[in-house]
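Here the structure is laid out as structure tokens; the discussion comes afterwards.
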Amino acid sequence: MPSPLPLAAIPRAALPALLAAAPKAELHLHIEGTLEPELMFALARRNGVALPYADVAALRAAYAFADLQSFLDLYYAGASVLLTAQDFEDMAYAYFERAAADRIRRAEIFFDPQTHTARGVPLATVMAGLEAAIARAARDLNLSVALIPCFLRHLSEADALQTLEALLPYRARLLGVGLDSSERDHPPEKFSRVFAKARELGLRIVAHAGEEGPPAYIWGALNALGAERIDHGVRCLEDPALVAELRRRAVPLTVCPLSNLKLCVVPDLAAHPLPELLRQGLKVMLNSDDPAYFGGYLGENLRQCFEALPELDATAAYTLLRNGFEASFAGPAEQARWIAELDEVFAGFSAATETR
Ligand code: HPA
Ligand code: ZN
């Protein structure tokens, strides 16, 4: 992407401070995945829910995952403490405060309606809590938040259709819909009709694909669901024709490095395909996925990636951060405002470098 900024002049040593100072977008964040163990225990006590762990330390010790499914089992069990609108508001606002500390300006956040309705928690309760937190974040934290409910792909098409119906009264407050949960053996095509209905409603479309699943699932997300962004998508590199298509259409990939590490999609961060995705000219940006479970919020994902991957320089930092705003579904005026702020921060670091 053409940049008027002398990015090449910024040394790698300046990157941690630059990354911390820069405004950011978060487009792949499951709000249930921000439930920190301390808050999980506090809500369990408040609601009289029993957790199968003695304390916070024992729970944290259980966060050693072998794959996506081993994480999901714990993640759905953790969500069982969420019962009232106040619980959802407390969880979401705690994340929004952390996001603001990371200088996130825009967050398009996922939630899983079926995880809650299946336990008898009404959608109205979930929405009331999330919306209360979103209003406070807009007012007090300079943070713009939009909601994307996701369908659980391990459940049936009929369940997803029913969930879409239940979401209709909230249509005006929803940005789009997504697809998450167990990827293996649940191809996107299973939900073609659900997403066709969502598109008819004017909802924006995203889908998890190519995290553990094969490149065929990314093709499926694009062609059968009409996905405008691919969540994860790292396995696209196995299919050169797919890489060419993603590049041609500038489809954003919401990559989550610490998630990939914790779910053993990559053996270590030094082996993460992020540099190759950038070299291939793909529209990549970084995200935190389920930060309470994966050991770091967005700032930490950026910090650890730039530490582990020496080929990432100031140009890569600018590209990733700018892609985040451009890949958002916010309007052009808001995007331009955030990118101007981004440019200002980078220009400040360029000038500081040149006068040294
Ligand atoms: N993949 C699929 N489903 C999820 C994830 C993820 O990384 N996080 C929460 N639900
Ligand atoms: Zn995810």
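Before moving on, here are some points about what is shown:
- Under 5 Å between amide hydrogens, built in the peptide plane, is the criterion, and for L35 it picks out A292 among residues at least 5 positions away or on other chains.
- Across the stretch 12-354, the mean sequence separation of Cα contacts (distance under 8 Å, 6 or more residues apart), normalised by length, yields a relative contact order of 21 percent.
- Centroid-to-centroid separation of the stretch 177-198 and the stretch 62-128 [C-alpha atoms, Å]: 20
- By the rule of a C-alpha distance below 24 Å, with chain neighbours fewer than 8 residues away ignored, the lysines paired with K283 are K24, K262.
- Residue-count net charge about I339 - beta-carbon cut-off 9 Å; Lys, Arg +1, Asp, Glu -1: -1
- In the chain, helices alone account for a calculated mean residue ellipticity at 222 nm of -15000 deg cm²/dmol, with every DSSP H run of four or more residues adding -39,500 (n - 2.57).
- Build a GNM of the chain with springs between Cα atoms under 10 Å apart, and of P332, P214, P23 the one that fluctuates most is P332.
- Other residues within the sphere of radius under 14 Å centred on the Cβ of L237, judged by their own Cβ, net out at -2 (K and R +1, D and E -1).
- Listed peptides 241-248, 55-62, 286-293 appear in the order 286-293, 241-248, 55-62 once ranked by packing, highest mean of other Cβ atoms within 10 Å at the front.
- Protein accessible area in the chain, 1.4 Å probe - carbon and sulfur %: 55
- Amide H within-cut-off set for C264, under 5 Å, with H built and near neighbours excluded: none
- Electrostatic tally near V251: other residues with Cβ closer than 15 Å to its Cβ, Lys and Arg +1, Asp and Glu -1, net +2.
- FRET efficiency for the A77 to E276 pair, using the beta carbon distance and R₀ = 30 Å, is estimated at 0.25.
- Scoring 339-347, 297-305 by mean Cβ neighbours within 10 Å over their residues and listing the highest first yields 297-305, 339-347.
- Long-range Cα-Cα pairs in the stretch 12-354 (distance over 24 Å), rounded percent: 54
- In order along the stretch 143-148, the Karplus-derived 3J(HN,Hα) couplings, from 6.51 cos²θ - 1.76 cosθ + 1.60 at θ = phi - 60°, round to 10, 8, 10, 10, 9, 10 Hz, and Gly and Pro are given as x.
The values are calculated or read from the model by the stated rules, or taken from the named source; none is laboratory data. Just so it is clear, the model here is predicted, and its values are computed rather than measured. Positions of Cβ are backbone-derived with ideal geometry, glycine not excepted, and every protein chain shown enters the neighbour counts. Side chains are part of the model used for accessible areas, which takes the heavy atoms of the whole protein and leaves out ligands, DNA and RNA. Shrake-Rupley method; radii C 1.70, N 1.55, O 1.52, S 1.80 Å.
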